[in-house]
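The values are calculated or read from the model by the stated rules, or taken from the named source; none is laboratory data. The model shown is predicted, which means the values in this text are computed figures rather than measured ones. As a convention, Cβ positions derive from the backbone with ideal geometry for all residues, glycine included, and neighbour counts pool all protein chains shown. Ligands, DNA and RNA are excluded from the accessible area calculation, which covers all protein heavy atoms including side chains. Shrake-Rupley method; radii C 1.70, N 1.55, O 1.52, S 1.80 Å.
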Amino acid sequence: MTPLRDIRAKFLDYFASHGHEIVQSAPLVPKDDPTLLFVNAGMVPFKNAFTGVEKRSQPRATSSQKCVRAGGKHNDLDNVGYTARHHTFFEMLGNFSFGDYFKEEAIHHAWTMVTKEFALPKDKLLVTVFSEDEEAAALWKKIAGLPDDKIIPISTSDNFWMMGDTGPCGPCSEIFYDHGPEIAGGPPGSPDEDGDRFIEIWNLVFMQYEQVEGGERKPLPKPSIDTGMGLERIAAVLQGVHNNYEVDLFQRLIAQSEEVLKAKAAGDQLASHRVIADHLRATSFLIADGVGPSNEGRGYVLRRIMRRAMRHAHLLGAQEPVMHQLVPALVAEMGDAFPELNRARPVIEETLRAEEERFQRTLGRGLSLLEEASSGLAQGDSLPGETAFKLYDTFGFPLDLTQDALRAKGMSVDVAGFDAAMDRQKTEARASWSGSGEAAPDTVWYSVRDAAGATGFTGYTALGGEDTI
Ligand code: ATP
Ligand code: MG
Ligand code: MG
Ligand code: MG
């Protein structure tokens, strides 16, 4: 069995031996890009090279980029624990050409990588092309010798990539691996394509146009290549397992959570172990890159991921903080490739411990309230927004945590009711504020509480807030 770390190295070595500079992963918090929550694809750190703003000394690069998809345009948080292929944190392997080679060479490299270097059987592979990209279809036929029915034209935006409303854009081709008929799901483009039988392993983007304001699309004088392959997905294929969470790295993380929690990763408990392993990675890497739990922006995404993991640990019987006890196993797995994990280890452990201690003060009682409130509901019903708001405001349950808890029972939350309750509370808090010329009370409350952070600030209870009980 090829270990995950060797797969990463093999990919980078192949492209290095074909003239690509190996570039270290950029941090998860994007540099100079307030519009983006987290780096969510391998190309993000190279944006300026693609637009020509930055001139790189080498026109080819390869990387294994840390990615988080847990908010904004790409949000896979709700897929974790449900699909075989999604993580909140994952590594995206990629090769990039900045105005150097284009479509033919990109397809040639991708095909060589999967069928020669990784030795995947051709009959397990199929590709998609953008329906208007006849050039790509012809190249797949020529280079890979795939029959027509394995080159699937797709006309949706899934196969047309755009950097933004304006800027570089172009068609893409995705490579899928067929995990076999015993798994539910149809091929790309079919009605049940979201199943996990045909799993997308690699996306090749052919940047050949520039979208200018006003709808016009001009051909780029020097087209570029951007590709992204999920390391955990190709590892699953190469290790002969179907589910990403069965690859070696995850097996070892899950073995550790089994030991710490004294709970087997089987039956009903399996999904919780997987969620914990996934969220452990996301939170540890985010903290290592300088994000701390808070009530807004990036910090709130981190807090939501942490607390979701903690609810699952609670389901598995945790009575005391456990997440920080899993950090050594993660560092053992990934510290070599990502030295920042080693450096930040004390901060990661302390942040996790403090957040879990804090959330454990309200988690159990919040779950009892949720249990009680949902016991009168039937499948398909939704929890009143007021109750979800109370869980948020008094017990520190992010809305999506409550939704995640209810989803297992086939229930949802009345989100409009939740929003209304939130607005009402803000208005009331403002109206009862007798100060003059100072900041509104919720602003004061949040800034004081955030400054107090994990030390357990409990003042200003009259103003409400998620941790004030
Ligand atoms: P999917 O359709 O399966 O959600 P995607 O089309 O959203 O994948 P891309 O944006 O094309 O994915 O990203 C490039 C590659 O990164 C994908 O082909 C896949 O191998 C990997 N990838 C994307 N999202 C995830 C994720 N949440 N977890 C693990 N790997 C992922
Ligand atoms: Mg996706
Ligand atoms: Mg896709
Ligand atoms: Mg894709």
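Quick notes on this one:
- The range 183-197 residues that are charged (D, E, K, R) and open to solvent by 60 Å² or more (accessible area, probe 1.4 Å), paired with ones that are assigned to a loop (DSSP other than H, G, I, E, B) and at pLDDT 95 or above (beta carbon under 8 Å, 6 or more apart): ASP192/ALA184; ASP192/GLY185; ASP192/GLY186; GLU193/GLY185; GLU193/GLY186; GLU193/PRO187; ASP194/GLY185
- Those strands (runs of 3 or more DSSP E) lying entirely in the range 100-205 with at least 1 residues modelled with pLDDT under 95 and within 16 Å of ligand 2 (Cβ to nearest atom): 160-162
- Restricting the range 66-120 to residues that are buried (at least 20 other Cβ atoms within 10 Å of the Cβ), β-branched (Val, Ile, Thr) and farther than 30 Å from GLY267 by Cα, the residue that is farthest from ligand 1 (Cβ to nearest atom): ILE107
Each row is one residue, and each column tells you yes or no for (1) under 20 Å from TYR300 (Cα atoms); (2) among the hydroxyl-bearing types (Ser, Thr, Tyr).
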position: VAL331; (1), (2): no, no
position: ASP336; (1), (2): no, no
position: ARG343; (1), (2): no, no
position: GLU372; (1), (2): no, no
position: ALA388; (1), (2): yes, no
position: LEU406; (1), (2): no, no
position: ALA421; (1), (2): yes, no
position: ARG424; (1), (2): no, no
position: THR427; (1), (2): no, yes
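- Taking the criterion of being part of a helix (DSSP H, G or I), closer than 16 Å to ALA318 by Cα and either of a type outside the set (Gly, Ala, Ser) or within 14 Å of ligand 1 (Cβ to nearest atom) (or both), the residues of the range 221-273 that qualify are ILE254, GLN256, GLU258, GLU259, VAL260, LEU261, ASP268, GLN269, LEU270, HIS273.
- Taken over the range 342-358, residues that are in contact (Cβ under 8 Å) with a residue 24 or more places away in the chain and touching a Gly at 6+ places or on another chain (Cβ under 6 Å) amount to 0.
- Residue match in the range 131-152 (condition: touching a Gly at 6+ places or on another chain (Cβ under 8 Å), more than 27 Å from SER63 (Cβ to Cβ) and surrounded by 15 or more Cβ atoms within 10 Å (Cβ to Cβ)): yes
Yes or no, residue by residue, for (1) in a helix (DSSP H, G or I); (2) open to solvent by less than 20 Å² (accessible area, probe 1.4 Å); (3) at pLDDT below 95:
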| residue | (1), (2), (3) |
| --- | --- |
| ALA373 | yes, no, no |
| GLU386 | yes, no, no |
| LEU401 | yes, yes, no |
| PHE418 | yes, yes, no |
| MET422 | yes, no, no |
| GLU428 | yes, no, yes |
| SER436 | no, no, yes |
